[in-house]
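Novice: Sharing a structure with you now.
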Number of protein chains: 2
Amino acid sequence: MPEQPRGSRPTLEAVAARAGVSRATASRVVNGGDGVRKPLVDKVLQAVDELGYIPNHAARTLVTRRTGAVAVVIAEPETRFFSDPFFSQQIRGISKELTAHDTQLVLLLVEGPGDFDRIARYLAGGHVDGALAFSLHTDDPVPAITRRAGIPAVYGGRPSWTADPGDQAVPYVDADNRGGARLAVRYLRDLGRTRIAHIAGPADQTSAMDRLDGYRDVLLDGDPTLVADGAFTVESGARAMTELLERHPDLDAVFAANDLMASGALRVLRERGIAVPEQVALVGFDDMDSVATETDPPLTTVGQEIEGMGRLMARLLLRALDRERTGSGEVPESVITPTTLVRRASA
Amino acid sequence: MPEQPRGSRPTLEAVAARAGVSRATASRVVNGGDGVRKPLVDKVLQAVDELGYIPNHAARTLVTRRTGAVAVVIAEPETRFFSDPFFSQQIRGISKELTAHDTQLVLLLVEGPGDFDRIARYLAGGHVDGALAFSLHTDDPVPAITRRAGIPAVYGGRPSWTADPGDQAVPYVDADNRGGARLAVRYLRDLGRTRIAHIAGPADQTSAMDRLDGYRDVLLDGDPTLVADGAFTVESGARAMTELLERHPDLDAVFAANDLMASGALRVLRERGIAVPEQVALVGFDDMDSVATETDPPLTTVGQEIEGMGRLMARLLLRALDRERTGSGEVPESVITPTTLVRRASA
DNA sequence: GACAGCCCTGAGAGCGCTTCCATCGGGCTC
DNA sequence: GAGCCCGATGGAAGCGCTCTCAGGGCTGTC
């Protein structure tokens, strides 16, 4: 590839001239070559090669009205985006899928609540063909923004407003939190544990609520005081565990709504000299590498296909874009991805 | 803002018509309004408002040859990108700075060594005005790519090929690793410790080597067997500590090249019943939230302005872009950001 | 009162590409 | 052998914008 002094790159015109064809034909070849006879295709390709031609993206977008890029909107306050491998892993999955379809990823980090204007302008400005968004809270403006901008969107995690009839179904990808929780609690029950407590996550996150629901599904007439509230952090897990032990010194199992809280709980149990899993069996959720395998004992937990979820999100969006372009194809529907019990030593 | 049925957004033409001015004047107003008389400016702005006009980015890029976007290239194998809050925090800083200058962030994750072609095509394709890149190994093709693409770039972390005379200076932003290491080791020495060991990072990362150099700066005629090799991971830190204790059961201080290794070392020390900091004082590097404050005792470590480094990278790149556009302005130069000793309980 | 000069404004070219439509040529059919 | 149809090709329009350039109105000066 010849080095190009920026700003003077060869145009399609030049390629066409060199190949001795019209710009139209050159364009056809560059875009797949359908309906162009082989010898001409070869000539054009050779010219492309010799000249080091690279299509001008802006010109193409101007006429096709497609940018070949999608936005990933992250509205999460920084704390979570930083510490949570969840996001980065999903992004990796998204990136892989998009890359495989020649689509670019534009990262939009929301810098505080006042920043949504900027996001709205950007999404409506024709910079991207669609959007992937994470972590919507009840009053999250992102759905309204994408609707107004008229671009397809796919969400990561079940939005809490799903039930809102005002919104047409916005497809989302979420793990089977409820099913995973059931798996965990049934496992503890099958272990013969009878006083199974739960450390729940924050009430404004659907994943936390779904996990709580799953817990309740299995323990239909469970004692409500066996449930303590946490905030998905190590510290909150420790606090919740302390609380639970005060209320129920005799509990014999704990299902924590995520691994971080489980590790906090584990610390408290260890400090009190309570043997895990002998006296209290402990199950987490997430199968977070850096936590679940590092604790002592390693956590039994509920695993999910995080990267796969990212891929899936991207795939759904690409499908929606395709539908928009061709006017046909399947309507993307939300997907719940399976969760599995990962047995380690803590239960 | 009126809802726009995608694809039929108002154009500048429409705005001009509604305001009763020419397209040229409308354009001038939209781009700042210099040299347009107040009443016309107002009329145009009103039309913009009423119509919900948003400039078409592709059209603008086509003529200005500027995209208003920069790429962030992450060539790190996924393991590190995931676990390392370093990256996400720098990205946050980059995002903030770019946002403040109306510039978008396109994330380019390199999916394996064969993927550089795609990156090269992308960077050369006029999709972005410049690039920020992380973590260059000696044979990293990214510098060559950006040079060939003719776009300015700024690197995060001192590239190992800095000394290569073939490359014109590519500006980079790096923490003062060497100075930080000196700070740590001097601190230990001033504490009265005489047998100060070092757990070093991998030799192919300049940060690790710089920290080692800083250690040596202070301990000029130090015993080389007081240095053990690690790989910036918890496990490797534990291994290195074990090794050091075997070689030097009487050591009274350890400076680990990062917090993860320090936490591994701490685990080993605790297992052996060695009191920290009483018997062995321990200092880490990075001041990584999720580690340094969570250990018991919390780590004394060397802190750096991670988000600030991200901002700085973005700022340098924006400056380079500005220079390119205006033909003047300061030449961006590499910056070494200061490090500070953060005293906690481990030393 | 006339003219120079300045500031605003508008006309128009053109950025590089895709795509509609007309054209052309070759192979078939009768 | 003439007419037809179809597939391949080229001409040209136009996507929405910026920016140069020329012109028009106004002020200020002599």
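Novice: Anything in segment B:52-63 that is within 9 Å of another protein chain (Cβ to nearest Cβ), over 29 Å from the mean Cα position of the chain (by Cα) and away from DNA strand C (no atom under 12 Å from the Cβ)? List them, or say none.
Specialist: Once the filter is applied, which keeps residues that are within 9 Å of another protein chain (Cβ to nearest Cβ), over 29 Å from the mean Cα position of the chain (by Cα) and away from DNA strand C (no atom under 12 Å from the Cβ), segment B:52-63 yields B:Gly52, B:Ile54, B:Pro55.
Novice: If you don't mind, there's one more thing I want to ask. Taking the criterion of being farther than 30 Å from A:Ile306 by Cα, within 16 Å of DNA strand C (Cβ to nearest atom) and without any contact (Cβ under 8 Å) to a residue 24 or more places away in the chain, would at least one residue in segment B:64-87 satisfy it? Steps first, answer last, please.
Specialist: Here is the first cut: in segment B:64-87, the residues farther than 30 Å from A:Ile306 by Cα are B:64-68.
Now drop any that are not within 16 Å of DNA strand C (Cβ to nearest atom), which leaves B:64-68.
If we keep only those that are without any contact (Cβ under 8 Å) to a residue 24 or more places away in the chain too, we end up with B:64.
Among the residues of segment B:64-87, at least one is farther than 30 Å from A:Ile306 by Cα, within 16 Å of DNA strand C (Cβ to nearest atom) and without any contact (Cβ under 8 Å) to a residue 24 or more places away in the chain, which makes the answer yes.
Novice: Among the residues of segment B:33-52, which ones are open to solvent by less than 30 Å² (accessible area, probe 1.4 Å) and in a loop (DSSP other than H, G, I, E, B)?
Specialist: Scanning segment B:33-52 gives B:Gly33, B:Val36, B:Gly52.
Novice: I'd like to verify a number: residues in segment A:15-32 that are more than 6 Å from DNA strand C (Cβ to nearest atom) and open to solvent by 40 Å² or more (accessible area, probe 1.4 Å), how many?
Specialist: We begin by selecting, within segment A:15-32, every residue more than 6 Å from DNA strand C (Cβ to nearest atom); these are A:15-22, A:25-26, A:29, A:32.
Among the residues that remain, those that are also open to solvent by 40 Å² or more (accessible area, probe 1.4 Å) are: A:17-18, A:20, A:22, A:32.
Counting residues in segment A:15-32 that are more than 6 Å from DNA strand C (Cβ to nearest atom) and open to solvent by 40 Å² or more (accessible area, probe 1.4 Å) gives 5.
Novice: Restricting attention to segment B:194-230, which residues are within 20 Å of the chain's Cα centre (by Cα), under 27 Å from B:Arg272 (Cβ atoms) and hydrophobic (A, V, I, L, M, F, W, C)?
Specialist: Matches in segment B:194-230: B:Ala208 only.
Novice: Moving on to the next point. Show the residue pairs meeting these rules: Cβ distance below 9 Å; 6+ apart or different chains; first residue within segment B:36-51 and outside the structural domain of B:Ala19 (by TED's automatic domain parsing); second residue surrounded by 19 or more Cβ atoms within 10 Å (Cβ to Cβ) and part of a helix (DSSP H, G or I).
Specialist: Final answer for the pair search is none.
Novice: Do we have any residue at all in segment A:204-212 that's touching a strand residue (DSSP E or B) at 6+ places or on another chain (Cβ under 7 Å) and free of Cβ contacts under 8 Å to residues at least 40 places away in the same chain?
Specialist: no
Novice: Can you go through B:Asp259, B:Asp252, B:Asp287 and tell me which one is open to solvent by 20 Å² or more (accessible area, probe 1.4 Å), assigned by TED's automatic domain parsing to the domain that holds B:Asp210 and either in contact with an Asp or Glu (Cβ under 7 Å, 6 or more places away or on another chain) or modelled with pLDDT under 95 (or both)? Full working, then the answer.
Specialist: On the way: B:Asp259 fails: open to solvent by 20 Å² or more (accessible area, probe 1.4 Å); B:Asp252 fails: either in contact with an Asp or Glu (Cβ under 7 Å, 6 or more places away or on another chain) or modelled with pLDDT under 95 (or both).
Checking each option against the conditions leaves just B:Asp287.
The values are calculated or read from the model by the stated rules, or taken from the named source; none is laboratory data. Since this is a predicted model, take the numbers as computed values, not measurements. As a convention, Cβ positions derive from the backbone with ideal geometry for all residues, glycine included, and neighbour counts pool all protein chains shown. Heads up: the accessible areas ignore ligands, DNA and RNA and are worked out on the full protein's heavy atoms, side chains in. Shrake-Rupley method; radii C 1.70, N 1.55, O 1.52, S 1.80 Å.
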